[in-house]
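The values are calculated or read from the model by the stated rules, or taken from the named source; none is laboratory data. As the structure is a computational prediction, the values presented were derived from the model and not from experiment. Glycine gets a Cβ as well: all are built from the backbone with ideal geometry, and neighbour counts include every protein chain shown.
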């Protein structure tokens, strides 16, 4: 393990985080934040930049070689942990959050989970309270909160590859550690990882700017439009309002955000190729077809359940007038949940109880590979489903050769092993945390299960007290720290974090 180059990379990325914190002061200044808030935020940014600069200078020289696989895993894992810890500074010194709350909020932001502890009445240091919840935060901190999700959505390391060309050939190791999982020949735009990262972020920026303009046309002020555009494209779900998107009560805004959430849940690389002339039929791979099918089917099922509930409750003469409103609510929430964005326009805790299992499935399934969404990923569900069908056919016809194909191409052994291995680790981690949470904090198993699912899948809202109209503020510090670690592990698809706990990884 070359510690020098590992810490050099972590230091440079910490320097970038400090620059992001410092840039938020500009919004605080133009939005007339109190001078003390702006000074505190600037000091947090300068301190983070100073630490990053000192680390970069002390490790200058990079140890004489490019980062290898071990350095890649160590750099990515440590970067997310270190940036989470330094990301607590604005919450602690500008807002007054306790350390465990600040860690939870920082981890939720950078992993694009969107879960929050910023509920009205949250106790702060010095005996104060966060009277108006999220809306009590200064504009500078709100912007940093959204910018942090936007950077985390694209991945800190992938973001760095777009602007730090010095990494050279070693960037492949960092890319593999940052973007683990099922890979195929569509997972990069070009053979050069740095070029791939630049193209990815160019598209990411263009879509963010376009969404900002569209939201502004819908009546959002420019500050809210910028913040919501960043958290939408990152599929993060942080809002500047306590009521999330429901605050605006606009069909136009909900429609625009639904479209961009769906796009953010699709494969960015194929989207780029469509813009470059790829035939639209080639864009709709099996994964995208299944992803779209799940969205449409789930919307239909939940709409029927919601219409029936309203029909019974209101004793309406006909159910037809109830359909448009139900579709508006369910379509937005289905896309928000499956893309792991976590925005809310309605509280699904008030929906029929029978909808709970479908919402749980949407939470863990996630979006497409190559998107900013979290979760298990649709491509893995496809591979597992096709493998089960192949085994059933093999049981009936023992001598037959049953190939597992995706888009008419045979699934390689490496992709198969990766899917099986990830599935075991994913569900083992999910249920282990769900079983352990009730021992740390008083809660029922349903709340623990949904909390674990929403953390590992980076969704945001959970169930029970952690639902869309609730928060995670009621949990005790150990529970919040455990969920924060699960968020980071889930964002890096488990391997990159869990491998750091293997003793053999640190041996020469």
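Find the residue count for region 33-44, including only residues that are in contact (Cβ under 8 Å) with a residue 12 or more places away in the chain and either in contact with a helix residue (DSSP H, G or I) (Cβ under 6 Å, 6 or more places away or on another chain) or farther than 14 Å from residue 144 by Cβ (or both). Summing the residues that are in contact (Cβ under 8 Å) with a residue 12 or more places away in the chain and either in contact with a helix residue (DSSP H, G or I) (Cβ under 6 Å, 6 or more places away or on another chain) or farther than 14 Å from residue 144 by Cβ (or both) in region 33-44 gives 8.
Restricting region 405-424 to residues that are more than 29 Å from residue 498 (Cα to Cα) and more than 28 Å from the chain's Cα centre (by Cα), which is surrounded by the fewest Cβ atoms within 10 Å (Cβ to Cβ)? Result: 408. Restricting 92, 26 to residues that are at pLDDT 90 or above, farther than 23 Å from residue 489 by Cα and surrounded by 18 or more Cβ atoms within 10 Å (Cβ to Cβ) narrows the list to 92. From the list 93, 47, 104, the one residue that fits, being part of a helix (DSSP H, G or I), in contact (Cβ under 8 Å) with a residue 24 or more places away in the chain and within 22 Å of residue 234 (Cα to Cα), is 104.
Please enumerate the residues belonging to region 463-481 that are part of a helix (DSSP H, G or I) and buried (at least 20 other Cβ atoms within 10 Å of the Cβ).
Hits for region 463-481 are 466, 479, 480.
Give the residues of region 122-139 that are surrounded by fewer than 17 Cβ atoms within 10 Å (Cβ to Cβ) and in contact (Cβ under 8 Å) with a residue 60 or more places away in the chain, sorted by residue number. Answer for region 122-139, where residues must be surrounded by fewer than 17 Cβ atoms within 10 Å (Cβ to Cβ) and in contact (Cβ under 8 Å) with a residue 60 or more places away in the chain: 132, 135.
Among the residues of region 393-409, those identified as out of contact with any strand residue (DSSP E or B) (no Cβ under 8 Å at 6 or more places or on another chain) and either closer than 21 Å to residue 285 by Cα or not in a helix (DSSP H, G or I) (or both) are 397, 398, 399, 400, 401, 402, 405, 406, 407, 408, 409. What are the residues in region 490-501 that are in contact with a helix residue (DSSP H, G or I) (Cβ under 6 Å, 6 or more places away or on another chain) and within 11 Å of residue 457 (Cβ to Cβ), if any? Within region 490-501, 490 is the sole residue that qualifies.
Is there a residue being part of a helix (DSSP H, G or I) and farther than 17 Å from residue 93 by Cα anywhere in region 29-39? So far as region 29-39 goes, yes, one or more of its residues are part of a helix (DSSP H, G or I) and farther than 17 Å from residue 93 by Cα.
For residue 328, the criteria (1) under 30 Å from residue 406 (Cα atoms); (2) out of contact with any helix residue (DSSP H, G or I) (no Cβ under 6 Å at 6 or more places or on another chain); (3) part of a helix (DSSP H, G or I); (4) touching a residue at least 12 places away in the same chain (Cβ under 8 Å) hold in every case but one, which is (1).
You will find that of 374, 370, 325, the residue that is over 22 Å from residue 451 (Cβ atoms) and surrounded by 17 or more Cβ atoms within 10 Å (Cβ to Cβ) is 370 and no other. Filtered by the rule that a residue be free of Cβ contacts under 8 Å to residues at least 60 places away in the same chain, within 19 Å of the chain's Cα centre (by Cα) and crowded, with 21+ Cβ neighbours inside 10 Å, region 223-262 gives 229, 260.
Could you please let me know if residue 115 is surrounded by fewer than 24 Cβ atoms within 10 Å (Cβ to Cβ) and assigned to a loop (DSSP other than H, G, I, E, B)? Here the answer is no, as residue 115 does not meet what is asked.
Residues in region 483-508 that are outside any helix (DSSP H, G or I) and surrounded by fewer than 19 Cβ atoms within 10 Å (Cβ to Cβ) were compared, and the one that is modelled with the lowest pLDDT is 508.
Okay, residues lined up against (1) without any contact (Cβ under 8 Å) to a residue 40 or more places away in the chain; (2) farther than 29 Å from residue 348 by Cα:
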residue	(1), (2)
378	no, no
391	yes, yes
406	no, yes
423	no, no
453	no, no
470	no, no
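Can you give me the ranges of the helices (runs of 4 or more DSSP H) entirely in region 128-181 with at least 3 residues that are modelled with pLDDT under 80 and in contact with a helix residue (DSSP H, G or I) (Cβ under 7 Å, 6 or more places away or on another chain)?
Because the criterion is at least 3 residues that are modelled with pLDDT under 80 and in contact with a helix residue (DSSP H, G or I) (Cβ under 7 Å, 6 or more places away or on another chain), the helices (runs of 4 or more DSSP H) in region 128-181 that meet it are 156-163, 171-178.
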